[in-house]
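The values are calculated or read from the model by the stated rules, or taken from the named source; none is laboratory data. Note that the coordinates shown come from a computational prediction; the quantities given were computed from them, not determined experimentally. Using ideal geometry, Cβ is built from the backbone for each residue, glycine included, and neighbour counts are taken over all protein chains shown. We work out accessible area using only protein heavy atoms, side chains counted, and drop any ligands, DNA or RNA first. Shrake-Rupley method; radii C 1.70, N 1.55, O 1.52, S 1.80 Å.
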Amino acid sequence: MFVDTHAHVNDAQFDADRDAVLARAREAGVTRIVTIGYNRATIPSALALADRHEALYAAIGWHPHDAAACAEEDLAWVERLAREHGKVVAIGEIGLDYYRDWAPRDAQRAVFRQQLALARRLGLPVILHCRDAYADVLEVLRDEGAGEIGGVMHCFTADWETAKAFLDLGFYLGIGGVVTFKTGAAVREVVQKAPLDRLLLETDCPYLAPVPHRGKRNEPAYLRHTAEVVAEVRGMAVEDVAAATTENAMRLFRLP
């Protein structure tokens, strides 16, 4: 069994064949999927899918790309939905993105801090988004005592020193298709060194498809390719990686 801990199966790229995508996921052993709603447009669709499919759960939050447009009523809406919907398992994806810089950085940091406080009120873990902003993300997490909240650094692609900083705060590391890339040596080093009980598997579909599907639309069924590389790097059977990462996901997100 696998858990895809970060997927965008509510994305429009799946509109034509979503049921077939979910069927292939089941056939590949992906028994649970956390799908992400990150703004006004995607939160309702994530919740609707989670309501419709037993295997799907939702994380909802406000993406740093949209931070400039985030008003107090938007975060109140997120909080209300998280309280009302029993299948919301995390607040996310939230964080900082200095790569695109689509929102002013001070606005990103403010909205990030507000959502950490929101997650604390709700007793939910967070799913973190970070591009070119690891130092600032870690600073905010430490300032806000986020180790008490807990969560996962989604799509982790930094070096071992950065990984240790997240691990020291009590966070999990989300490992996706990048670990299969020729350019993924740093991620493979992290996978080799990190405690197995702090690793999660994810696709981030429809993005970042693993080898041998790189460059194509990603989907949850491809999670096994990522797991196979994790197993190879750690010198383990893929079944043992599946069991451990599934247990980790169930523990973090309190999945049944």
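Looking at the stretch 1-99, the trypsin sites (Lys or Arg not before Pro) that sit in a DSSP loop and have at most 14 other Cβ atoms within 10 Å of their own Cβ are Arg40. Modelled label positions at Val238 and Asp168, each set 7 Å beyond Cα in the direction of Cβ, lie 3.6 nm from each other. For the stretch 142-226, the relative contact order is 27 percent, taking Cα pairs closer than 8 Å that sit 6 or more residues apart in sequence and dividing their mean separation by the residue count. When the chymotrypsin sites (Phe, Trp or Tyr not before Pro) in the stretch 91-133 are filtered for DSSP coil states and for at most 14 other beta-carbon atoms within 10 Å of their beta-carbon, the remaining sites are Tyr99, Trp102.
Per residue, the chain exposes 41 Å² of accessible surface when a 1.4 Å probe is rolled over the protein heavy atoms with every protein chain present.
Only loop residues by DSSP count here, and only those with at most 10 other Cβ atoms within 10 Å; note down the trypsin sites (Lys or Arg not before Pro) in the stretch 127-206 that meet that. Those that pass, being in a loop and sparsely packed, are Lys182.
Here Rg/Rh (Cα atoms, Kirkwood Rh) was calculated from the structure, and among (i) 1.06; (ii) 0.93; (iii) 1.01 it sits at label (ii).
Note on Ala41 and Asp197: their simple-model spin labels are 4.2 nm apart, each label 7 Å out from Cα toward Cβ. Protein heavy-atom surface of the chain, 1.4 angstrom probe: 49% of the accessible area is carbon and sulfur, with nucleic acids and ligands not counted.
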